[in-house]
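The values are calculated or read from the model by the stated rules, or taken from the named source; none is laboratory data. All values derive from a computational prediction rather than experimental measurement. Cβ coordinates were reconstructed from backbone atoms using ideal geometry, including for glycine residues, and neighbour counts include every protein chain displayed.
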Amino acid sequence: MIPRYSLPEISALFTDEARFGAWLEVEVLAVEAWARLGVVPKADAQAVRERAGFDVAAILERERVTDHDVAAFVDVVQERVGAPAGAWVHYGLTSSDVVDTALALQMTRAVDLLATAAGALENAIAKRAREFRDTPMVGRTHGIHAEPTTFGAKLALWAMQVRRDRERLARARAAIAVGKLSGAVGTYSNVDPVVERDVCERLGLRPVPATQVLPRDRHAEVLYTCASIGATVESFALEIRHLQRTEVREVEEGFREGEQKGSSAMPHKRNPIKSEQMSGLARVLRGNLQAALEDVALWHERDISHSSVERIIVPDSLTLAYYVLVRFRQLIEGLRVYPDRMLRNLDASFGLVFSQPVLLALVAAGRTRDDAYRIVQRNAMRAWEEERSFRDLLAADQEVSATLDGARLDACFDLKRALANVNRVFDALDDMGELPT
């Protein structure tokens with residue numbers, strides 16, 4: 001991933017140094033497991049532990065000769081350890097034993113970072129949801145005024161969606177926190193299953209049956225979760241983009257006065273650039289998921305058609321998903337909210353947001369639903385076309401006045417009544433509690 005969308009704590013997990021370091025962890029632990037079985041002399045295992053190391057440049061240089069990255073790595077490590085102990089490095093293993101187990105370890109560590117970032121985002125959204133719990137605004141369906149809601153309720157639902165992504169992350173972690181050291185086609189023909197168990201235990205992974213490679217549905221599940229995170233954040237970012245439009249201007253991304261510039265040409269511009277960035281990066285995450293799903297089908301017990309793809313999409317997706325979580329949390333924390341503008345927009349449709357309470361009141365008073373709907377719709381259309389108060393038009397309609405008195409009509413336009421049960425959303429938010437780790 002390019003530096004622009006990379007944060008150092010997760011980028012560090014996918015450097016060449018980190019990749020070869022994970023390979024080395026697997027190799028050294030395997031030698032020690034063989035030593036516990038009495039196959040490798042203890043002195044040789046100790047020598048491997050003390051001397052095993054690598055130089056990235058040396059591995060890359062050696063790969064130009066071997067045309068095989070793991071073989072080059074093993075050559076360099078064996079040379080560093082020296083004879084005779086170095087000969088035990090990679091004993092009984094095949095390349096995928098090392099690469100797949102190490103990749104699972106890297107991905108598990110990355111998912112842990114994502115889980116922490118997702119928790120921080122959920123908390124940030126929930127905090128702002130409670131801040132604006134009672135801040136009324138118009139709810140919109142199809143982009144059109146519908147009924148009143150609160151900005152806090154909107155945010156509370158966002159927090160719940162992030163919680164679902166956190167749960168998906170937990171499931172994805174369980175799927176990928178696995179390892180295999182079972183040899184060329186997964187039959188343990190040249191490696192004792194005890195070696196696999198010991199290595200995986202020390203890495204915090206679970207040993208699982210496999211062919212020569214771990215099944216790639218596990219990796220695809222992780223990348224689905226990354227894509228889901230992208231889609232979640234994009235759905236929030238899209239809402240912010242709509243609400244920041246000049247005609248709406250109910251919220252606005254934070255803007256550093258006197259420093260930040262919204263446009264190179266128009267000094268008045270303050271654009272939702274971070275939200276737009278989230279929308280764009282979500283597209284990359286979804287595209288990478290498609291490639292991950294293509295990687296699931298491999299020939300027989302293994303091929304390497306997945307390998308080149310994963311070198312790109314695995315670090316990129318995990319790095320991007322982490323970036324999206326962290327940056328959107330910062331956006332939420334700095335989001336500017338304009339309650340007065342929300343009220344003004346709520347009133348801008350002449351009271352039409354209360355059409356359903358009027359409809360229900362007429363039905364409750366004895367009108368048929370179709371008759372009541374026709375009466376309300378007729379007056380609603382006049383309110384739009386004539387830009388007049390919906391309440392006044394209803395009061396002047398003889399069919400309405402013959403059915404509802406002024407007090408019952410006024411009750412239909414009571415904003416507090418419309419929002420009386422919005423606390424149900426916050427009850428659900430409060431009931432979520434802490435996610436088990």
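Inspect segment 212-224 for any residue being within 22 Å of Val89 (Cβ to Cβ) and aromatic (Phe, Trp, Tyr) and give the result as yes or no.
First pass over segment 212-224, keeping only residues within 22 Å of Val89 (Cβ to Cβ): 212-214.
Going one step further and asking which of them are aromatic (Phe, Trp, Tyr), we end up with none.
There is no residue in segment 212-224 that is within 22 Å of Val89 (Cβ to Cβ) and aromatic (Phe, Trp, Tyr).
Take segment 155-185 and flag every residue that is at negative phi and assigned to a loop (DSSP other than H, G, I, E, B).
Residues of segment 155-185 that are at negative phi, as a first pass: 155-182, 184-185.
Correct list: Ala177, Lys180, Leu181, Ser182, Ala184, Val185.
Here the condition is being more than 30 Å from Asn345 (Cβ to Cβ) and charged (D, E, K, R); of Arg245, Arg311, it holds for Arg311 alone.
If you filter segment 80-124 down to residues that are part of a helix (DSSP H, G or I), among the β-branched types (Val, Ile, Thr) and over 14 Å from the mean Cα position of the chain (by Cα), you find that the one that is nearest to Ala175 (Cα to Cα) is Thr108. Exactly one residue among Arg140, Arg173 is farther than 19 Å from Leu429 by Cβ, surrounded by 19 or more Cβ atoms within 10 Å (Cβ to Cβ) and assigned by TED's automatic domain parsing to the domain that holds Glu239, and that residue is Arg173.
Examine segment 234-244 for a residue that is touching a residue at least 60 places away in the same chain (Cβ under 8 Å), surrounded by fewer than 18 Cβ atoms within 10 Å (Cβ to Cβ) and out of contact with any helix residue (DSSP H, G or I) (no Cβ under 8 Å at 6 or more places or on another chain), and state whether such a residue exists. Quick ask: steps written out before the conclusion?
As a first pass, look at segment 234-244 and keep what is touching a residue at least 60 places away in the same chain (Cβ under 8 Å): 235-237, 239-240, 242.
After this cut, where a residue has to be surrounded by fewer than 18 Cβ atoms within 10 Å (Cβ to Cβ) as well, the list is 235, 239, 242.
With the extra rule that they be out of contact with any helix residue (DSSP H, G or I) (no Cβ under 8 Å at 6 or more places or on another chain), the set shrinks to 242.
Scanning segment 234-244, I find at least one residue that is touching a residue at least 60 places away in the same chain (Cβ under 8 Å), surrounded by fewer than 18 Cβ atoms within 10 Å (Cβ to Cβ) and out of contact with any helix residue (DSSP H, G or I) (no Cβ under 8 Å at 6 or more places or on another chain), so the answer is yes.
Each residue in segment 339-382 was checked for being in contact (Cβ under 8 Å) with a residue 40 or more places away in the chain, touching a helix residue (DSSP H, G or I) at 6+ places or on another chain (Cβ under 6 Å), within 30 Å of Arg133 (Cα to Cα) and of a type in the set (A, V, I, L, M), and 3 of them qualify. All of Glu63, Glu79 fail the test of being surrounded by fewer than 19 Cβ atoms within 10 Å (Cβ to Cβ), assigned by TED's automatic domain parsing to the domain that holds Glu9 and in contact with an Asp or Glu (Cβ under 7 Å, 6 or more places away or on another chain), apart from Glu63.
Look at (1) among the small types (Gly, Ala, Ser); (2) in contact (Cβ under 8 Å) with a residue 24 or more places away in the chain; (3) closer than 19 Å to Ala33 by Cβ and you find that Ala170 fails only one, number (3). Sort out for me the helices (runs of 4 or more DSSP H) sitting completely within segment 325-408 that have 2 or more residues that are modelled with pLDDT of 95 or more and under 17 Å from Pro148 (Cβ atoms). Helices (runs of 4 or more DSSP H) meeting the threshold: 339-347, 355-364, 369-386, 390-396.
Go over the candidates Arg369, Arg388, Arg341 one by one and state the one that is of a type in the set (Lys, Arg) and surrounded by fewer than 13 Cβ atoms within 10 Å (Cβ to Cβ).
Working: Arg388 fails: surrounded by fewer than 13 Cβ atoms within 10 Å (Cβ to Cβ); Arg341 fails: surrounded by fewer than 13 Cβ atoms within 10 Å (Cβ to Cβ).
The unique qualifying residue is Arg369.
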